[in-house]
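Asker: This is the structure I have questions about; it appears just below.
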Amino acid sequence: MPQSPLRFLHADQLNLDVPFEGISTLTPETVTELSTASLKLLDQLLEYVTEESVPFVLLTGSLFGADPPSLAAQSALKNFAGELYELGVELLLTPHPLERKLLPRDFWEDLDAILLDKDQPIILELESTNSNSDAHLQVEIRLTCEADLDNFARQPAANIDFSICVLEAISPFVG
C-alpha cells in the first residue's frame, strides 16, 4: 500500500509580543505596526492551516517574547488554539522549558492544545491524505533531549506510520 504524505505546519521561536527597543524615532503608526507584528503572525499561520488543510500544528521553542509573557500574547495564543480546535486541527506545543514555569499550570491546561512532555509520546490518528484510501495514519510525536536522540532514531513501531522526534530546547531562555 503506498504511503500517504504527511503534511503539518511547524513554527519555531515565535517570540509573541516581543518588545522592540530603539524605535522611538519612528512614527507612532510604525511603532504600533511593529509592536503587533508578531501577534499577527498567528493570524497568518491560521490562514495557512485553513488553505492547506493540515491536520496538526507543531509550535516549538520560545513562544513568548517577554518575561513574563504579556496578556496580549497569552490571549493571542489562547485564541489561536481555540480557532484550531474549532477547525479540528490539533495544536502541539513544546515551549521552552523555562516558559512552562512562567505561567501557571492552569494556563497550559486550559489551552485547546497538547503540551508535549518528555518520555510521554503522543499518538495522533489522522485521516489519510491519499484520495484513493479512507485509511488512518498513526503518527507518533515525542519530545526528547539530545542525549536520548539515538534511542529514537529508528524505524517506527509496526502500528505507527510516521514518527516525529522533537528535540527539546536547552539553550538559555531569552525573554
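The values are calculated or read from the model by the stated rules, or taken from the named source; none is laboratory data. None of the values given here were measured: they were computed from a predicted structure. Note: ideal-geometry Cβ built from the backbone for every residue, glycine included; neighbour counts use all protein chains shown.
Asker: What are the pairs, 6+ residues apart or on separate chains, where a residue within region 116-140 that is assigned to a strand (DSSP E or B) has its Cβ under 6 Å from a residue that is modelled with pLDDT under 80 and surrounded by fewer than 12 Cβ atoms within 10 Å (Cβ to Cβ)?
Answerer: Gln138/Asn159
Asker: Among the residues of region 101-151, what is the count of those that are at pLDDT below 85, loosely packed, with under 15 Cβ neighbours inside 10 Å, more than 13 Å from Val166 (Cα to Cα) and hydrophobic (A, V, I, L, M, F, W, C)?
Answerer: Qualifying residue count, region 101-151: 1.
Asker: If I filter region 71-86 for residues that are closer than 15 Å to Leu14 by Cα, without any contact (Cβ under 8 Å) to a residue 12 or more places away in the chain and under 16 Å from the mean Cα position of the chain (by Cα), do I get at least one hit?
Answerer: Yes.
Asker: Could I ask something else about it? Would you check which residues across region 52-76 are within 30 Å of Leu137 (Cα to Cα) and loosely packed, with under 13 Cβ neighbours inside 10 Å and list them?
Answerer: Glu52, Ser53 - these are the residues of region 52-76 that are within 30 Å of Leu137 (Cα to Cα) and loosely packed, with under 13 Cβ neighbours inside 10 Å.
Asker: Condition check: farther than 25 Å from Ser35 by Cβ and touching a residue at least 60 places away in the same chain (Cβ under 8 Å). Does Phe56 satisfy that?
Answerer: The answer is yes for Phe56.
Asker: Given the options Val31, Val49, name the one that is assigned to a helix (DSSP H, G or I), out of contact with any His (no Cβ under 8 Å at 6 or more places or on another chain) and buried (at least 20 other Cβ atoms within 10 Å of the Cβ).
Answerer: Among Val31, Val49, only Val49 is assigned to a helix (DSSP H, G or I), out of contact with any His (no Cβ under 8 Å at 6 or more places or on another chain) and buried (at least 20 other Cβ atoms within 10 Å of the Cβ).
Asker: Also, I was wondering about something else. Conditions: (1) touching a Phe, Trp or Tyr at 6+ places or on another chain (Cβ under 6 Å); (2) farther than 9 Å from Ala113 by Cβ. Ala72 meets all but one. Number of the miss?
Answerer: Result: Ala72 passes all but (1).
Asker: Can I ask one more? Name the residue that is surrounded by the fewest Cβ atoms within 10 Å (Cβ to Cβ), counting only residues in region 77-100 that are at pLDDT 95 or above, assigned to a helix (DSSP H, G or I) and among the aliphatic types (A, V, I, L, M).
Answerer: Per the stated criteria, the residue is Leu87.
Asker: Here's another thing I want to ask about it. Looking at region 1-34, which of the residues that are free of Cβ contacts under 8 Å to residues at least 60 places away in the same chain and in contact with a Pro (Cβ under 8 Å, 6 or more places away or on another chain) is nearest to Phe80 (Cα to Cα)?
Answerer: Taking the candidates together, the pick is Asp17.
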